[in-house]
1. Work through the residues other than VAL194 whose Cβ is under 12 Å from its Cβ and net out their charges, Lys, Arg +1 and Asp, Glu -1.
2. Let's test the formula: R0 of 45 Å, r as the Cβ-Cβ distance of SER313 and LEU85. What FRET efficiency results, to the nearest 0.05?
3. Rounded to the nearest 0.05, what FRET efficiency is calculated for LYS294 and PHE4 with R0 set to 51 Å and r the Cβ-Cβ distance?
4. Report the full-extension gain for the segment ASP333 to ASP216: residue separation times 0.36 nm, less the Cα-Cα distance, to one decimal in nm.
5. For the cross-link pairs LYS294/LYS347; LYS241/LYS322; LYS24/LYS140; LYS15/LYS322, which exceed 26 Å when the distance is taken from alpha carbon to alpha carbon?
6. What's the extension gain from LYS347 to ASN152 if we count 0.36 nm per residue and subtract their Cα-Cα distance?
7. Under 17 Å from the 7 Å Cα→Cβ point of LYS96, by amide nitrogen: which residues of the range 243-266?
8. Straight-line reach from LYS77: which lysines fall under 18 Å, measuring Cα to Cα and dropping same-chain residues less than 8 apart?
Amino acid sequence: MKQFPPSELLNSLPKQFFAGLVKKVGEYIAEGHDVINLGQGNPDQPTPAHIVAKLQEAAANPLNHKYSPFQGYGYLKQAAADFYLREYGVTIDPAKEVAILFGGKAGLVEIPQCLLNPGDTILVPDPGYPDYWSGVALAKAEMVTMPLREQNNFLPDFHELSPEVLSKAKLMFLNYPNNPTGATATQEFFEETVKLASENDISIVHDFAYGAIGFDGEKPLSFLQVDGAKDVGIEIYTLSKTYNMAGWRVGFAVGNESVISAIELLQDHLYVSLFGAVQEAAAEALTGPQNCVKELNELYERRRNVLIDGLRSIGWNVTAPKGSFFAWLKVPDRLSSEEFSNILLEKAHIMAAPGIGFGEFGEGYVRVGLLSSEERLVEAVRRISCLEIFKK
Ligand SMILES: Cc1ncc(COP(=O)(O)O)c(C=O)c1O
C-alpha cells in the first residue's frame, strides 16, 4: 500500500505527551493490576436525568433530523445569555455575542486561526491545558509562555512580559479555575488583565471550563463580570464539566462581538451546527433545574477533602485546590514529576499526570483528578502511605 505522508502542518502539531503514559497504564490493567486512574480529566458522574430526557424527546422530533441552522439555534444562544445573566449578572446579546461550539476544545483550537496571522504572538499559561498549543500550531503562530508560579497563586505576573512581547502579542489565553493547578482568579487580577489588554490591543480568551467548580463557598469569577472585559475578550464555557456532558460535545463562546463573528465565520466553513436534539438538551441544562450543579460541586469538595486531608495525614504537605476537579501536588523528595509518576504507577498502581506534560513550569508537580469515589481516593492514600519515600 502506498504511504501518503502528512502535511507539514500536521507534522508541526505538538506531540501528545500523555499518550505514552496512557499506554503504560493500559498495559498494567491488561496484566490484571487494579490501577487507580487519577491521571485523566473525564467526569465520572452521569448527565442529570432531566437533560437526558430532553435529548430523548428531542431526538424523536423530525425537525431535528434536518440540518440545523448554520451558527446554531437562537434558543440555545438565548439560553446561554439567560445563564450568564442568572449566574454572573452579565448581560449578553444572544444575536451577536454568543457562538455555539462543539465543546470548549473546538473553540480554543479555532480561535488562533480566527485572529492570528502566521508569526503573530500568542501568550499562553505555563503550566497549561495542552490543547492550547494545538491551536497555536495550526495558526502557525509564535507562542510565548507566561509562567504560573505557586508564590503568585498560579496567576501570571504581567510585569515579566517585556515591552517587545507586549507590543507583538495579539492574543492571550487564561484559564481559571485552572487546569492543572486548581487555582482561582481574583477580581483584581481580571481587572489588571483588562487594563493590559486594552493598553496593548491584546484579545483575551478566558477558558472557563471549570467555572462551576469552586470550593470553600467561593463561586469562581467569570472574566466577563469585570468592567470592560467584553471590550477586550471572550469567555469559553463548556457544558462538559458543569453538567457532566463531556461526551455530548457542546459549549459556547460569549463576549466581544468581533471575536464571536470571527468564530462563526470559520465555523460556517468547517461545519453545519450541532445536532438539534443536543442543542435542545443543552438549553435545558442551562435554564432548567440547577440543583445538580450544586450537588456535583459538593461531591468534588468532599473528594478534595478526603484526598488532601489523607495526604497530609501521611506527612505529605500538599496544597488544597480552590476550584476545578484537579489537585496539583508538589512532588516529594526532589524527584522529577515523571520519576514520581513512574513510582506511583509501578509501586502503587496509581496513575497521576506528571506536571512536565503541562509545560516547563509544571515540573516538580503531579496532577491528580477528583474523578474517583471517596473510597478509591482513600485507597490511593493508603497505597501512597506504603511507598518507601513516605515511610519515616
Ligand atoms: C482547561 C480546559 N479547557 C477546555 C477543556 C475542553 O473541554 P470540552 O472540549 O469538553 O468542552 C478542558 C477539558 O478537559 C479543559 O481541561
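The values are calculated or read from the model by the stated rules, or taken from the named source; none is laboratory data. No experiment lies behind these values; they were computed from the predicted model shown. Reconstructed Cβ throughout: ideal geometry from the backbone, glycine too, with neighbour counts over all protein chains shown. Each accessible area value is taken on the protein alone, full model and side chains, heavy atoms only, with ligands, DNA and RNA left out. Shrake-Rupley method; radii C 1.70, N 1.55, O 1.52, S 1.80 Å.
1. Values: positive: LYS195, LYS230; negative: GLU188, GLU191, GLU192, GLU199, ASP227, ASP231.
Charge balance in the 12 Å sphere: -4.
2. On the way: r = 44 Å, r/R0 = 0.97.
So the FRET efficiency works out to roughly 0.55.
3. So the FRET efficiency works out to roughly 0.50.
4. Answer, rounded to one decimal: 39.1 nm.
5. LYS294/LYS347; LYS24/LYS140; LYS15/LYS322
6. Separation in residues times 0.36 nm, less the Cα-Cα distance, equals 66.8 nm.
7. Answer for the range 243-266: 254-265.
8. Partners within reach: LYS54, LYS96, LYS230.
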